[in-house]
Amino acid sequence: MKNYEKVNTIASKGIENKKAYLAGGGIASLAAAAFLIRDGHMPAKNIHVLEEKQVFGGSMDGAGNAKDGYLARGGRELESRMECMYDLYSFIPSLKNPNRTVLDEFRELNIAEPIKSHCRLVENQGQKADFSTLGLSFEDMMSLNKLVLVNNDKLNGVTCEQWFKPEFFKTNFWYFWCTMFAFENWHGVLEVKHYMIRFMHLIGGMNQLVGILHTEYNQYDSLILPLITWLKDQGVSLELGVQVTNLDIKITDTEKTVKKIYITRNGKEEIIEITGNDLVFVTNGSMTENSTVGSNNKPAILDRNQKERGCWSLWENIAKQSSEFGHPEIFAGDIDKSKWMSFTMTITDNTTLFDHLLKLTGDEPGMGGVVTVKDSSWLLSWTAPKQPHFINQPENVQVLWAYGLFPDNVGDFIKKKMSDCTGEELFSELLYHIGMQSKIPEILASSKVIPCMMPYITSQFMPRSQGDRPAVIPRGSTNLAFLGQFSEIENDCVFTVEYSVRSAMMAVYGLLKLDKKVNPVYEGQYDVRVLLKAAKTMMGNKEISIDKLIGKILINTGLKDL
């Protein structure tokens, strides 16, 4: 978006009488509330965020303490071209210094402490594996090129396994790719295409995670907490323990208008009457719904409950009213293909593990990013974040996070399925794979490990077709918008904070008919410098002659001599 288009909006007539109800308290709803205030000029007291859980933030979480152990179910990858996200945090004050913004401090951190991994892959119980190239064959490169160029309609329902040859899944490219973004072999290849195009500018640094950014603390403390604090200060109504169960939508040939919101508050069913002047925003679906946790001595039990699934159940009820509201069963209908596990390790008064990791990887905590164990049957990956990882974390405590993409596989050291393992067993398997088998008893004695099973964590990657996700603002909608990872946004890719924030900006600007453009998706694929760098990396860092390339492009055109 050009600076010429970055205007301050004018309050629409009657905005002081409008109310907004937002179902769900994740980053999408919180961002929508912020944009309603800044760009929509809606009085903050008229904005109501309704969250069924007892904490805001949705999938961007982080909680616990040193005694009982910390827990972060996961973290979203961040990079510099997330235009809507950085627009949001350019006006949210820092908790440390109200004269600075969250964006100010985030940028300064990443300039001072940039991520550049010196160990992306390990194998053979703690030995560095070669990660210098992507390891792609000519056939692999052609498959990727064809994927980028093919029409999306040809990819409806097609999986990665159907598109790529089996050998592709043993390349460094796939190890980097699937563990950075949590892709499984059976996921939809359409999402791979969106990622290839959207993050083409990062492929050149993929083997060292160059261009990936990190926050000071976990993403709840660094991103959600400042946003909640600002919204509260503005006067937004933020309600916990309120579950939205259904909407009453009047549907005609030309219009769709929400008339009622059905909620459960403190175990009591209630109805919120909606006027034609009010707005309703729904986060449909969740990656972390029905998550369960275990402990040192207990596994995290998979929740297969199909009747009580929070915002999935809400989406199912809404979808029954019109096919244009999407098909939630496509994403949430096969838990065994959308689940995986993570575990958070809290280590007290023992630096043995982090000293070993520093020696193994050569990276200070927070500056190396994710490391993957190539020969792990669970396909384990870990990351040592910047310490402290939590605002209330004591100096004598360290936090490590890990996850595995194949929870149904039996471990290499612990001969059990990952999904059946206790926290101590999960940690033992990781310690074995990084060459610390002899130190397992010592480290476990000073650790709290919280495993987490997430039934829907990669549901957004399930094979799909056009129309399976509803438009942010459905056709004919007068006051309803969908937010988050399961709304339809052209050219952007899911499983990112940017996607959720972009949906919020689109919803607010669209429903209020604001005279302001949504920040466009970055399109590095049209930059010849990005293309050349990506091509060079995919070809094993071979030099590419620009003169010869241009000559081949222009041959027989009459322009070559010119």
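Looking across the stretch 198-208, just one residue is open to solvent by 30 Å² or more (accessible area, probe 1.4 Å) and over 22 Å from Asp87 (Cα atoms), and that is Gln208.
Considered as a group, the residues in the stretch 291-309 that are open to solvent by less than 20 Å² (accessible area, probe 1.4 Å) and modelled with pLDDT of 95 or more include one that is farthest from Met341 (Cα to Cα), and that residue is Gly294. The set of residues in the stretch 147-193 being surrounded by fewer than 18 Cβ atoms within 10 Å (Cβ to Cβ) and assigned to a helix (DSSP H, G or I) consists of Val148, Leu149, Asn152, Asp153, Lys154, Glu161, Gln162, Pro166, Glu167, Phe169, Lys170.
When residues in the stretch 339-376 are screened for being touching a helix residue (DSSP H, G or I) at 6+ places or on another chain (Cβ under 7 Å) and surrounded by 22 or more Cβ atoms within 10 Å (Cβ to Cβ), 10 of them pass. Might you check whether a residue that is over 21 Å from Gln485 (Cβ atoms), in contact with a Gly (Cβ under 8 Å, 6 or more places away or on another chain) and not in a loop (DSSP other than H, G, I, E, B) occurs anywhere in the stretch 332-344? Scanning the stretch 332-344 turns up at least one residue that is over 21 Å from Gln485 (Cβ atoms), in contact with a Gly (Cβ under 8 Å, 6 or more places away or on another chain) and not in a loop (DSSP other than H, G, I, E, B).
May I ask you to verify whether Ser132 is open to solvent by 30 Å² or more (accessible area, probe 1.4 Å) and of a type in the set (Ser, Thr, Tyr)? Against the criterion (open to solvent by 30 Å² or more (accessible area, probe 1.4 Å) and of a type in the set (Ser, Thr, Tyr)), Ser132 qualifies. Among the strands (runs of 3 or more DSSP E) confined to the stretch 209-267, there are none with at least 2 residues that are at pLDDT below 95, open to solvent by 20 Å² or more (accessible area, probe 1.4 Å) and touching a Ser or Thr at 6+ places or on another chain (Cβ under 9 Å).
For the stretch 188-209, the count of residues that are in contact with a strand residue (DSSP E or B) (Cβ under 6 Å, 6 or more places away or on another chain) and among the small types (Gly, Ala, Ser) is zero.
Residues in the stretch 372-393: is at least one in contact with a Pro (Cβ under 9 Å, 6 or more places away or on another chain), under 27 Å from Ile212 (Cα atoms), touching a residue at least 40 places away in the same chain (Cβ under 8 Å) and basic (Lys, Arg)? Yes, because at least one residue in the stretch 372-393 is in contact with a Pro (Cβ under 9 Å, 6 or more places away or on another chain), under 27 Å from Ile212 (Cα atoms), touching a residue at least 40 places away in the same chain (Cβ under 8 Å) and basic (Lys, Arg).
The values are calculated or read from the model by the stated rules, or taken from the named source; none is laboratory data. Just so we're clear, the structure is a prediction, and the values are computed from it rather than from any experiment. Glycine gets a Cβ as well: all are built from the backbone with ideal geometry, and neighbour counts include every protein chain shown. To get the accessible areas, we keep the full protein, side chains included, count just its heavy atoms, and leave off ligands, DNA and RNA. Shrake-Rupley method; radii C 1.70, N 1.55, O 1.52, S 1.80 Å.
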